[in-house]
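Note sheet for the following structure.
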4 protein chains.
Amino acid sequence: MNFRDPLAASPAASSAAAAQSSAIPDVQASRDSRRIAIDRVGVKGLRHPVRIARDGEVVTTVAQVDMSVGLAHDRKGAHMSRFVEVLNAHGAAIDAASFRELLATMARRLEADRGTLEMRFPYFVTKTAPVTGVTSLLDYDVRLAGAVDASGAVTIGLQVVVPVTSLCPCSKEISEYGAHNQRSHVTLTVDDAREGLWIDDLIAIAEREASSELYALLKRPDEKYVTERAYDNPKFVEDLARDVAAALARDARVRAYKVEIENFESIHNHSAYACIEGRGTVTA
Amino acid sequence: MNFRDPLAASPAASSAAAAQSSAIPDVQASRDSRRIAIDRVGVKGLRHPVRIARDGEVVTTVAQVDMSVGLAHDRKGAHMSRFVEVLNAHGAAIDAASFRELLATMARRLEADRGTLEMRFPYFVTKTAPVTGVTSLLDYDVRLAGAVDASGAVTIGLQVVVPVTSLCPCSKEISEYGAHNQRSHVTLTVDDAREGLWIDDLIAIAEREASSELYALLKRPDEKYVTERAYDNPKFVEDLARDVAAALARDARVRAYKVEIENFESIHNHSAYACIEGRGTVTA
Amino acid sequence: MNFRDPLAASPAASSAAAAQSSAIPDVQASRDSRRIAIDRVGVKGLRHPVRIARDGEVVTTVAQVDMSVGLAHDRKGAHMSRFVEVLNAHGAAIDAASFRELLATMARRLEADRGTLEMRFPYFVTKTAPVTGVTSLLDYDVRLAGAVDASGAVTIGLQVVVPVTSLCPCSKEISEYGAHNQRSHVTLTVDDAREGLWIDDLIAIAEREASSELYALLKRPDEKYVTERAYDNPKFVEDLARDVAAALARDARVRAYKVEIENFESIHNHSAYACIEGRGTVTA
Amino acid sequence: MNFRDPLAASPAASSAAAAQSSAIPDVQASRDSRRIAIDRVGVKGLRHPVRIARDGEVVTTVAQVDMSVGLAHDRKGAHMSRFVEVLNAHGAAIDAASFRELLATMARRLEADRGTLEMRFPYFVTKTAPVTGVTSLLDYDVRLAGAVDASGAVTIGLQVVVPVTSLCPCSKEISEYGAHNQRSHVTLTVDDAREGLWIDDLIAIAEREASSELYALLKRPDEKYVTERAYDNPKFVEDLARDVAAALARDARVRAYKVEIENFESIHNHSAYACIEGRGTVTA
């Protein structure tokens, strides 16, 4: 099913709407005298089904969407309904190119020279269990954040939250047996992603460095594998931050990045946290 | 894209897994001597893409899924991975019939005589603005909760949260002009839905009784319409609960129902709330 | 500081308010002709500082409060502001007796013969680390839910979410070394708590049965202790549910109970869950 | 009750702990060779009762606390338990001075030259209804965020979310009667607050500019007042952002600020949003 087809307003309906609207005062279009420009004005928290492109495939999901434009100091208000019209009219699956296009269309339709577009959604990847090879889907929280400035320059930020297992080196070292371990979130944020860097690339980097990666479906031989793998590969919250940061720094598609690790400690009721912000080997 | 195809484990992979598993102790299958049966054991909070049937159409969305079975007093544990296998293998779009089938398959695969299955997801409906006829999607939170008992009897509960506008009759009556209004949630819960009652039916009942219904996209003539419509149609939280309850009581497909109204008061930082539980005209 | 003192409206202010109010129509007090009684109507999600009694001490915290009464079929609406007045006027620290009193006052002030009162709040307990004896606070989510019915009978339900460590027996058994473990929530719900059963009693029961309890502050000798303790004490989600249920069933102060365990699995991105509902040795 | 007294570890317990710890390897203190410094490492999401100072008074509440320090490239890990010790030992009510002191103590105790401290908590203010003068508490979400850098310079950021009523000027203008209105959040963020600017000052600025302020308790004459007040004072999301920004720009205690407005639209299921970032009249 394509959610967008039924949403394309028919030309007849549109012109009827225009006729009716013209008789009604357009308060938003009036002048403002406070001499204060607005950095961002728009809609926030709009839930919308979206299709995300991945290597020729398409992943269907549901996004929370925020859209905004800059507003000149002498304009009273933005025409909020146009944001929703632009979003509804966008039929293409989301990849870097179509996201840029949606951003540009939004700014043009709102008669603005600056704008931002953000989508947050769960993203599903088919994973293969390490020993038995059974497959299942794992879910990752993704945030795409685009901005166009007055010069027309567009940047696209990409953030992925990758859930993994972390196992504590101190607990392993000081205990006769066992070691506390827990679910952790590796949050990777790339501010201005180069073409060719997409969601799955960031997921792969985070999972490679973790004590172990996660799966929705593990049979007993797989469970034995991930248990031993994590015990063989203990990492502090600091270690995981450093190892992921090093991997991002080596990646030619990454300019500026932020790595955040949050361990939902199995021995405490709070989290351990580490953060590294850095720059890749690319220079702009 | 069909999320389920890549997940069907190949027969080869499955038999390899079985061979490897047989060498590893099956702790869950061992006997338990505490003589305490477990009401529900399973997986909780699994995010999964699902397709929901609607009048020949299919709506794609993302669900949070909980699955459980009853466990006999002498069985140590449930085989948790089987829940995920059953969910992955379910290819059909969700309607009452396929939801029942998934529930039955789950109980059989887990060798249980009782089980529950719950899915919570946003659900999208194309709405048409009241004057200009422009279309947009509105999102509703839905909960499907099925249970199969030891006799094989299946019940399916259906819950929909319908966001609407409510306008306060007291504020309108006592004020020279204006009236406070706000977004409200009408939560309809039907415990054992008869065939033929589906999500859109409950949405229609709630929206008909509200001060006004909501839309993602309204042009100025529409905004004038919904403003005046709400002012002409003021309802206390009690009124809306009573009017929706009366409509459910008249519906031949409804046995037991619960109506909850929550008004996110625009003049307070807390909600007004009303709840009516009742029985429809149907008798079992 | 006592939050309630400044809230006691002065007699002068109150009588002035009464005079002003009398000139304004009282829409809520008018008659309703739909012949539908309302089960619960009131306020929801009111944040309020509260003081909770514990063994002569008082714990200060912040609650989310819901208050409701039943409304006769011929009454148009409840006087919502009276709920807030009753809550503000309640100066005593919350224990079973003062909670009952608040419930009774609310019903009386709202001229109702039935009512419910619920408070949800974090609750802090000073814990002592198992080896070094250093102390720290641990936080637990608590829910107090009271109801008074038309006969004047009052029941008080008590729910506590106790965060603990769980360690998987299957993972321990099948692996050469290590075992996956994670934070888990033990949720204990007692429907009609007898006098003498209070929050700390339920916490103690849950912590005693867990693979290990949690602490905000552990020095290295303590970390060694809790790591080894959990490895020596593996429990499936089913085991923990059964052991806690058995402890509740033995407790003379417990009539009906529900035990829920949710393990935030360190090897999956979803939870394992088990639930047992039962009755204590007490008969009513 | 003072939460902190029971937490002060006795000298005897501390020296016993030190003796036991010395026999156990200190993994965190070992050297790291990856040559990557860590920007922030610490604890996150620790719930803790706190007391907030206000004009000689003290408001008791519950905070979520995050604490971090910078870690040199050659240090393996931070001693996480020390964060909790420092927090527990802090007995003074929180004002700008004691918050700075806690930040400095934390950095010193963790042997770090940089650090951050953040507390998020609900904050209660006694409000007086506009006509009848009845009093009630209103709750505001507050965030205090402090940072100390390598030069020892400390900045304290202050954020307050103020819930208010907004009424739509377009809806009022184009409709024969009524106007849609709703609860809105005014979020004020001041990056480096001057001495003398505290939570209540930001609340007052936001409430003054809103269509109407909120109260937990309103009698009928008050409800009439706030309904008419909002209708007389319509504001777009853009208007409210501009008016609050202008007020902050005039305030001599404000250097850099951000104003965000989110209207939970009563006619849509999404929010309208506006944001202005600016600098005050102060120059550093």
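The values are calculated or read from the model by the stated rules, or taken from the named source; none is laboratory data. Keep in mind it's a predicted model, so treat the numbers as computed, not measured. Glycine also receives a Cβ, built like all others from the backbone with ideal geometry; neighbour counts cover every protein chain displayed. Calculation scope for accessible area: heavy atoms of the full protein, side chains included, ligands and nucleic acids excluded. Shrake-Rupley method; radii C 1.70, N 1.55, O 1.52, S 1.80 Å.
So the values come out like this:
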quantity: Global form of the protein assembly as shown, assessed from the alpha-carbon gyration tensor, a/c cut-off 1.5; calculated: rounded
quantity: Rounded to whole Hz, the Karplus (6.51, -1.76, 1.60) HN-Hα couplings of segment B:75-80, x for glycine and proline; calculated: 9, 5, x, 8, 8, 4
quantity: Using a 7 Å Cα-to-Cβ projection, D:ARG100 label spacings across copies, nm, ascending; calculated: 4.9, 5.3, 7.2
quantity: Long-range HN-HN contacts of C:SER30 with modeled amide H, under 5 Å; calculated: C:LYS76, C:GLY77
quantity: Residues in segment D:174-190 occluded by at least 10 Å² - accessible area, probe radius 1.4 Å, against chain by itself; calculated: D:ILE174, D:SER175, D:GLU176, D:TYR177, D:GLY178, D:ALA179, D:HIS180, D:ASN181, D:GLN182, D:ARG183
quantity: In order through segment A:228-235: 3J(HN,Hα) via Karplus (6.51 cos²θ - 1.76 cosθ + 1.60), integer Hz, x for Gly, Pro; calculated: 5, 4, 5, 5, 6, 9, x, 8
quantity: Estimated buried accessible area (total), pair C and A, 1.4 Å, Å² to nearest 100; calculated: 3200
quantity: Inter-copy spacing of B:ARG208 label points, which lie 7 Å from Cα along Cα→Cβ, given in nm from shortest upward; calculated: 5.1, 5.7, 6.0
quantity: Inter-copy label distances at A:GLY278 (7 Å, Cα→Cβ; nm, one decimal); calculated: 4.0, 5.3, 6.5
quantity: 222 nm mean residue ellipticity, helices alone, for chain D (DSSP H n ≥ 4; -39,500 (n - 2.57); rounded to 500); calculated: -8500 deg cm²/dmol
quantity: Per residue solvent-accessible surface (Å²) - segment C:15-133, probe of 1.4 Å; calculated: 39
quantity: Cβ-Cβ FRET estimate between B:GLU57 and C:GLU277, R0 fixed at 25 Å, reported to 0.05; calculated: 0.05
quantity: Hz values of 3J(HN,Hα) by residue in segment A:91-101 - Karplus curve (6.51, -1.76, 1.60), Gly and Pro given as x; calculated: x, 6, 4, 7, 9, 4, 5, 6, 5, 4, 5
quantity: C:HIS73 accessible area, assembled protein chains, probe 1.4 Å, Å²; calculated: 60
quantity: Apportionment of accessible area to carbon and sulfur, chain B, percent (1.4 Å); calculated: 49
quantity: Across B:LYS224/D:LYS235; D:LYS235/D:LYS258; B:LYS258/D:LYS224; A:LYS76/B:LYS235, pairs whose alpha-carbon gap is larger than 23 Å; calculated: B:LYS258/D:LYS224; A:LYS76/B:LYS235
quantity: Other-chain or far-sequence residues with amide H under 5 Å of C:ARG47's (modelled H); calculated: C:VAL65
quantity: Dipole of segment D:68-226, positive end: most advanced residue of D:LEU158, D:LEU71, D:LEU144 [Cβ charges, Cα centre]; calculated: D:LEU71
quantity: Cα lying deepest toward the dipole's positive end in chain B, options B:THR187, B:GLY42, B:VAL237, charges on Cβ; calculated: B:GLY42
quantity: Label-reachable residues, segment D:184-224, where backbone N falls under 20 Å from a point 7 Å from C:THR105's Cα toward its Cβ; calculated: D:216-219
quantity: Cα-centre dipole for chain B with unit charges at Cβ (Lys and Arg positive, Asp and Glu negative), debye to 20; calculated: 860
quantity: Dipole magnitude of segment C:136-262 about its Cα centre (Cβ charges: Lys, Arg +1; Asp, Glu -1), debye to nearest 20; calculated: 120
quantity: Packing rank of A:149-159, B:268-278, where each peptide gets the mean count of other beta carbons within 10 Å, highest leading; calculated: B:268-278, A:149-159
quantity: Cα centroid of segment C:229-284 to Cα centroid of segment A:29-93, whole Å; calculated: 48
quantity: Partner chain coverage, peptide D:154-166 - average Cβ within 10 angstrom; calculated: 1
quantity: Positive-end residue, segment C:168-236 charge dipole about Cα centroid, Cβ charges, pick of C:ALA204, C:LEU214, C:ILE174; calculated: C:ILE174
quantity: Complex-versus-alone comparison for segment A:221-238, residues with a loss of 30 Å² or more in accessible area, probe 1.4 Å; calculated: A:PRO221, A:GLU223, A:LYS224, A:THR227, A:GLU228, A:TYR231, A:PHE236, A:GLU238
quantity: Per residue solvent-accessible surface (Å²) - segment D:207-281, probe of 1.4 Å; calculated: 30
